[in-house]
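Below: the structure, in C-alpha cells.
All of the numbers you see were taken from the coordinates with simple rules; none came from a lab. Because the structure is a prediction, the values reported are computed rather than measured. Because the Cβ atoms are built from the backbone with ideal geometry, glycine has one as well, and the counts that use them run over all protein chains shown.
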Amino acid sequence: MKPLPPSERLSVLVSNVTQTMLGISFAPTSAHQACPDLCWRTAVMLVDGARPLTVGLSSNQEGCLALTAAMFSCPASAVDPSMINDALRELVNMTAGLLKSEMALDQALTVPQVVTDPTVLAKLAEMHPGLVLKAKEIGLALWAHEGHPISKLTAAA
C-alpha cells in the first residue's frame, strides 16, 4: 500500500477526468482557503478496510448547480436537488476510485452520503485535512484523508 498521494498528484489524477468530461480542473489549496464558503452541501464516501479513507466534496449552491449542469449537460435552471446529490456522489465516487487505484488498496468503497445538516457541515469545515483540491472554475473543494471522522459527526447529528 502506498501513502496518500501529494495534492499535486491528486489534482492531476482528478483533473485528467474532470477537465475532459466537465471542463473543470482542480488545483491544490490549503483547507482554510478552500472550505469556509463551500459548505452548502457535502458528499462523503468512506473507503473501508485496513487503511480507512474518507473522501469528500464540499460546495456552495452555485458550485453545485454548475457541476450538476455540466455533468447532466443541461442548463442550471433545469437542475433539481436529486440531480445535485447524484452529481456530488458521482464525483466523490470517481475520486475515491482514483485514490484506491493510486494507493493500491484492495478495499471496499461505501455508498456516498450527502450531508446537508448545517451543524455537521460546519464541523466538517473545521476539520478539513491538508489534502484539499479546489476547482479553478467553480466553487468545489475536494478533499481526502485517512480515517473516518465523519462517522462520529453524522452519528451525533
Two-site FRET efficiency, VAL111 against ASP37, from Cβ-Cβ distance with R₀ of 35 Å, rounded to 0.05
0.80
Hey, what did region 1-107 get for relative contact order, percent, Cα under 8 Å, at least 6 apart?
30 percent
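For the residues CYS74, CYS39, CYS64, what sequence is obtained by ranking on other C-beta atoms within 10 Å, fewest first? Could the numbers behind the result be given before it?
Details: CYS74 12, CYS39 21, CYS64 27.
So the residues, fewest neighbours to most, are CYS74, CYS39, CYS64.
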